[in-house]
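Take a look at the structure set out below.
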Amino acid sequence: MKHWIPYGRQSIDEADIEAVVEVLRSDFLTTGPKVAEFERVVAEYCEVNLAVAVSNGTAALHCCVHALGIGAGDEVIVPAITFAATSNCVLYQGGTPVFSDVDSQSLLIDPESVESKITPRTKAIIAVDYAGQPCDWDSLREIADRNGVFLVADACHALGAEYKDRKVGSQADMSVFSFHPVKHIATGEGGMVLTNDPVLAERARLFRSHGISSDFRSREKAGAWFYEMEDLGFNYRLTDIQCALGISQMGKLDSYLKRRREIARTYDRSFDGTPVTSLKSHDDRNHAYHLYVVKVPERDRVFSAMREVGIGVNVHYIPVHLHPYYQKKLGLHEGMFPVAENAYKQILSLPMFPSMTDGDVDTVITQILAAVEG
Ligand SMILES: *Cc1c(COP(=O)(O)O)cnc(C)c1O
């Protein structure tokens, strides 16, 4: 078979392997010092005060919904085009996800559509920095404040992206990252919650570990064996093995981002004036390019043609309200979010990862232009 170019993949070097091996030889495989260190490194990078490392991005979203006190009868506004985890986390806590349409050119959540979905039951908005481009956070903040609702960033695509010269992570009340191997840095599985609010951070921290407080002062008072379960939580901990990998990976994040942006510029230039339409990126934002999404005519045929020649294109995402579970659960149906549905028929994610060679990039460009010509 031909050389296969996936849509995304991790970059692991000897330093990463060394960092993991060092933990394997140490006293702590989990709940050790690497967890707090990884949290500090990510928080500092994103210019946020507090971070809680968890087992994956989905767990991080669940922590946010719990920390914000969302439950039965509460509505949370989410974009129609996203990974299902964005809205699943609302269902975990018994809340109701309310979908909002997206902007046709950027596929970012459309603030006007968000505004139209606000009701007295709305408790939060979870916006997604789709493909790695920050949302219109100023408009979302204004809508959230005016209506007294929380703002959560599902920033799983956007580690290192910037909105008006500030790193993604501080625009919302709580922000979430994923360290799945296709994302910007890899820990195998992994996630993190970022916030500047100590109360929300503490709630997320408790939720990560069975709702058990490990406050050393109470242990000192009552005896070293003492702990109390204050809340119902899960085991959403991230191991020291994974955190060591994450710390090592963070040292390379800027070089990864630089390469992703370089590849994006090459794609942008090559598709200009062709039937392959790049998504719109805004001048006041620095895109992190987790994905490079284009719109093409006859997407299904182009998808097959690309796969045929060894290029792992993908589709991000099937609008969530089109999934059978959501249709049954919430009575949703096709036709409700026309912008998202129309975009879905055209979108294709092209390979985008830091270790792509210039030759790989040229191959993708040549093949997609050939494929759209039929
Ligand atoms: C990857 C991703 C998640 C979930 O992250 P996991 O670490 O895979 O659980 C959530 N939301 C979006 C938008 C994602 O891309």
Query - 1 or more residues within 24 Å of residue 332 (Cα to Cα): qualifying strands (runs of 3 or more DSSP E) within segment 33-151 - result: 75-79, 96-100, 122-128
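In segment 84-137, what residues are at positive phi and within 17 Å of the chain's Cα centre (by Cα)? Give the steps one after another, and end with the answer.
Going residue by residue through segment 84-137, those that are at positive phi are 94, 107, 131-132.
Those that are at positive phi and within 17 Å of the chain's Cα centre (by Cα): 107, 131, 132.
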Query - When residues of segment 218-237 are limited to those that are modelled with pLDDT of 75 or more and of a type outside the set (Phe, Trp, Tyr), the one farthest from residue 58 (Cα to Cα) - result: 228
Query raised in the report: Taking residue 8 and the conditions (1) within 16 Å of the ligand (Cβ to nearest atom); (2) farther than 30 Å from residue 359 by Cβ, which numbered condition does it fall short on, given that it satisfies the others?
Result: (2)
Report summary line: Scanning segment 147-189 residue by residue, the ones that are on the phi > 0 side of the Ramachandran plot and crowded, with 24+ Cβ neighbours inside 10 Å total 2
Query - Qualifying residue in segment 8-16 (condition: more than 14 Å from residue 249 (Cβ to Cβ) and either assigned to a loop (DSSP other than H, G, I, E, B) or in contact (Cβ under 8 Å) with a residue 40 or more places away in the chain (or both)) - result: yes
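The values are calculated or read from the model by the stated rules, or taken from the named source; none is laboratory data. Here the structure is a predicted model, which is why all the values come from computation and not from measurement. Positions of Cβ are generated from backbone atoms using ideal geometry, with glycine treated the same way; all protein chains shown enter the neighbour counts.
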